[in-house]
Amino acid sequence: MSLKEQIKHEIEQLVDPSTNKTLGEQNSLRHLVVDEEDSIVTAIIAIGLTKGPEEKTLSRQLAKLIKIDHKFRGIKVQFEELPHEKEESDNQKKTVYIAVTSGKGGVGKSTVTANLAVALARLGKKVGIIDADIYGPSIPHIFEMKKEGFQMAENNKIYPPVAFNIPVISTEFFLEDDQPLMWRGPMLNRMLNHFFNDVAWDENLDFMLIDLPPGTGDVAIDIQKLIPEAHVIVVTTPHPTASHIAVKSGYMAKTLKHNILGVVENMSYYINPVSGAHDAIFGSGGGDLVASQLEVDLLASLPIGQPQNELSHSIFSPEEEIGIAYLGLANKVLKALK
């Protein structure tokens, strides 16, 4: 038995209801990374109870197992709260709309949208994406999707193309290669209406993520008309210019009566491959500043990095450090929506 298999077995013994009834009947180990080189163990555990003494007890047991019994330097544990049976059987549950905004371009908003959607899907949620960045659609490129035409449903709606088990709609699918989009306000509103009303979305979607264009223009206002009760995530970088403009997009969301879930600081630091130090090459404090001014939480500080997997050039695997950070972000989003 390998060390990872041994640790996995021992953790499952701690969370398995057959050996520890006090922790609930739905507990399970959802994800495990054993990094022997850096002496770190990362685990995501689904727990059927809300936060309380049981979770703290389990955290102490895991720390003893990993740091004392196996002599690892550290352990990172994330708890995913499972819905109650009543919630799972509620057929009237509506799709939750989450708009991702940034205020300015170049901060990685679309990358955050795509990887957050994948992380939510990995946690068992049904997720769709509307690429509402009409002039600069990039979600299909991030997912490396090909233009293969559309299949039509019986009601003359189109089935959205799917990548990573996530249905996606974008203006990119309707454009010739590398051709710019030269539309004005009424055309933009018409296309958004098509995205919401003429696409055969799964009625059981848990979340619809909307990748908004940068700024505070027509599209953001039109979104408010289509979805009066959207939740918003504000993406910024540590740089003062990005954070200053991100605050404006957050204020606009508040003006439109949307609920701001929190702030994501992207490109927060670079992990030096030699020293392991976190180098703040774009400065620091931007995410905290935006969160403070908007009076919301800083949900995540994501490092700069390129996926090191055969899966995708832009989507991180659940074994990579940034992929784990996205799983943590997804869990925080789920808890913020409870």
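The values are calculated or read from the model by the stated rules, or taken from the named source; none is laboratory data. These figures come from a predicted structure and were not determined experimentally. We place every Cβ from the backbone using ideal geometry, glycine too, and count neighbours over all the protein chains shown. Surface areas here come from the heavy atoms of the whole protein model, side chains and all, with no ligands, DNA or RNA. Shrake-Rupley method; radii C 1.70, N 1.55, O 1.52, S 1.80 Å.
Take residue 265 and decide whether it is modelled with pLDDT of 90 or more, surrounded by 17 or more Cβ atoms within 10 Å (Cβ to Cβ) and of a type in the set (D, E, K, R).
Yes: the conditions hold for residue 265.
Scanning segment 106-124 for residues that are assigned to a helix (DSSP H, G or I) and surrounded by fewer than 24 Cβ atoms within 10 Å (Cβ to Cβ) gives 111, 112, 121, 122. Pairing each residue of segment 198-215 that is over 16 Å from residue 156 (Cα atoms) and open to solvent by less than 30 Å² (accessible area, probe 1.4 Å) with any residue that is in a strand (DSSP E or B) and of a type in the set (Ser, Thr, Tyr), provided the two are 6+ apart or on different chains, yields C-beta distances under 7 Å for 208/97; 210/97; 212/101.
Restricting segment 280-314 to residues that are without any contact (Cβ under 8 Å) to a residue 24 or more places away in the chain and assigned to a helix (DSSP H, G or I), the residue that is surrounded by the fewest Cβ atoms within 10 Å (Cβ to Cβ) is 292. Quick one: is residue 233 outside any helix (DSSP H, G or I) and crowded, with 22+ Cβ neighbours inside 10 Å? So residue 233 passes the test.
Within segment 321-330, identify whether any single residue is touching a Gly at 6+ places or on another chain (Cβ under 7 Å), open to solvent by 10 Å² or more (accessible area, probe 1.4 Å), part of a helix (DSSP H, G or I) and at pLDDT 85 or above, and answer yes or no. Yes.
Does segment 53-73 contain any residue that is open to solvent by 50 Å² or more (accessible area, probe 1.4 Å), closer than 30 Å to residue 221 by Cβ and modelled with pLDDT of 75 or more?
No.
Scanning segment 125-168 for residues that are among the small types (Gly, Ala, Ser), open to solvent by 30 Å² or more (accessible area, probe 1.4 Å) and at pLDDT below 90 yields 136, 149. Only residues that are closer than 24 Å to residue 96 by Cα and not in a loop (DSSP other than H, G, I, E, B) were counted across segment 239-271, and they come to 17.
Within the set of pairs 6+ apart or on separate chains, which have a first residue in segment 315-338 that is under 15 Å from residue 97 (Cα atoms), a second that is of a type in the set (Phe, Trp, Tyr) and surrounded by 18 or more Cβ atoms within 10 Å (Cβ to Cβ), and C-beta atoms under 9 Å apart? Close Cβ pairs satisfying both conditions: 333/207; 337/207.
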